[in-house]
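Colleague: The following block contains the structure, expressed as structure tokens.
The values are calculated or read from the model by the stated rules, or taken from the named source; none is laboratory data. The shown structure was predicted, so the numbers you read here are calculated from the model rather than taken from an experiment. Cβ placement follows ideal geometry from the backbone for every residue including glycine, while neighbour counts extend to all protein chains displayed. When the accessible area is computed, the model is the full protein with side chains, heavy atoms only, and any ligands, DNA or RNA have been set aside. Shrake-Rupley method; radii C 1.70, N 1.55, O 1.52, S 1.80 Å.
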Amino acid sequence: MCVVGEEDAGHVRGGWSGHVYLKIRPSTQLHKLALACMDAICPRLDENRASNAKSADVFDLEKVRTIEEPHISLTRPFYLPEHQIAGFVRELEACLGGLGPFAVGFGQISTYVNERQDRGFVAVDVDCGE
């Protein structure tokens, strides 16, 4: 729902970064939930910074923002060698191409930090689907 930190996922020589996700249609309820999350976490981030908590460096209040395109992540970021990209995309299209609309339910709110420890995320976990 919101993200903190730099946009760059980093670089691996000879590799391209990727992330598999499903776009979801923005809604008023989802936007309200994102704003409520920010209202809830921003005071806590300020408290963590004041107490010199380790997460204060990752969750910088000045960089907290809602994401522009809500989505459901299916993978963590990963790297592929350039020669494997076309085959990977074909396999994804074969597996997910016929997927029609479906409903999901959301569960708890969780925080995540990337592997480089320089970007944090606050997300609503998918709990169930139809």
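Colleague: Please go through (1) in contact with a strand residue (DSSP E or B) (Cβ under 6 Å, 6 or more places away or on another chain); (2) at pLDDT below 85; (3) open to solvent by 70 Å² or more (accessible area, probe 1.4 Å); (4) farther than 19 Å from Asp118 by Cβ for Tyr21 and return the number of the only condition it doesn't satisfy.
Modeller: Checking Tyr21 against (1) in contact with a strand residue (DSSP E or B) (Cβ under 6 Å, 6 or more places away or on another chain); (2) at pLDDT below 85; (3) open to solvent by 70 Å² or more (accessible area, probe 1.4 Å); (4) farther than 19 Å from Asp118 by Cβ, the one that fails is (2).
Colleague: Follow-up. Please list, ordered by first then second residue, the pairs with beta carbon atoms under 9 Å, 6 or more apart or interchain, first in region 36-49 and within 17 Å of Lys63 (Cβ to Cβ), second of a type in the set (Ser, Thr, Tyr) and modelled with pLDDT of 70 or more.
Modeller: So the pair list comes out as Cys37/Thr66; Met38/Thr66; Ile41/Thr111.
Colleague: Hey, among the residues in region 92-112 that are open to solvent by less than 50 Å² (accessible area, probe 1.4 Å), of a type outside the set (Ser, Thr, Tyr) and in contact with a strand residue (DSSP E or B) (Cβ under 6 Å, 6 or more places away or on another chain), which one's farthest from Lys63 (Cα to Cα)?
Modeller: Filtering region 92-112 for residues that are open to solvent by less than 50 Å² (accessible area, probe 1.4 Å), of a type outside the set (Ser, Thr, Tyr) and in contact with a strand residue (DSSP E or B) (Cβ under 6 Å, 6 or more places away or on another chain), the one farthest from Lys63 (Cα to Cα) comes out as Gly105.
Colleague: While we're here: Only one of these conditions is not met by Leu74: (1) modelled with pLDDT of 85 or more; (2) farther than 23 Å from Gly15 by Cβ. Which number is it?
Modeller: (2)
Colleague: If you check Gly107 against the conditions, is it small (Gly, Ala, Ser), modelled with pLDDT under 90 and more than 14 Å from His19 (Cβ to Cβ)?
Modeller: Taking the combined requirement at face value, the residue satisfies it.
Colleague: Return yes or no: is Pro43 over 17 Å from the mean Cα position of the chain (by Cα) and modelled with pLDDT of 85 or more?
Modeller: So Pro43 fails the test.
Colleague: Can you spot a residue in region 119-126 that is under 29 Å from Ala34 (Cβ atoms), open to solvent by 50 Å² or more (accessible area, probe 1.4 Å) and at pLDDT below 85? Let's see the steps before the verdict.
Modeller: Taking region 119-126 as the starting set, the residues that turn out to be under 29 Å from Ala34 (Cβ atoms) are 119-126.
Filter once more, keeping what is open to solvent by 50 Å² or more (accessible area, probe 1.4 Å): 121, 126.
Next, from what is left, pick out any that are at pLDDT below 85: 121.
Among the residues of region 119-126, at least one is under 29 Å from Ala34 (Cβ atoms), open to solvent by 50 Å² or more (accessible area, probe 1.4 Å) and at pLDDT below 85, which makes the answer yes.
Colleague: Looking only at region 70-86, count how many residues are under 30 Å from Ala34 (Cα atoms) and either in a helix (DSSP H, G or I) or in contact with a strand residue (DSSP E or B) (Cβ under 7 Å, 6 or more places away or on another chain) (or both).
Modeller: Adding up the residues that qualify gives 7.
Colleague: Sticking with this structure for a sec: On the basis of being touching a strand residue (DSSP E or B) at 6+ places or on another chain (Cβ under 7 Å) and either modelled with pLDDT of 80 or more or not β-branched (Val, Ile, Thr) (or both), does Gly129 make the cut? Walk me through it before giving the result.
Modeller: Working: touching a strand residue (DSSP E or B) at 6+ places or on another chain (Cβ under 7 Å): yes; either modelled with pLDDT of 80 or more or not β-branched (Val, Ile, Thr) (or both): yes.
Yes.
Colleague: Consider region 69-91. How many of its residues are in contact with a Gly (Cβ under 8 Å, 6 or more places away or on another chain) and open to solvent by 60 Å² or more (accessible area, probe 1.4 Å)?
Modeller: Final tally of qualifying residues: 4.
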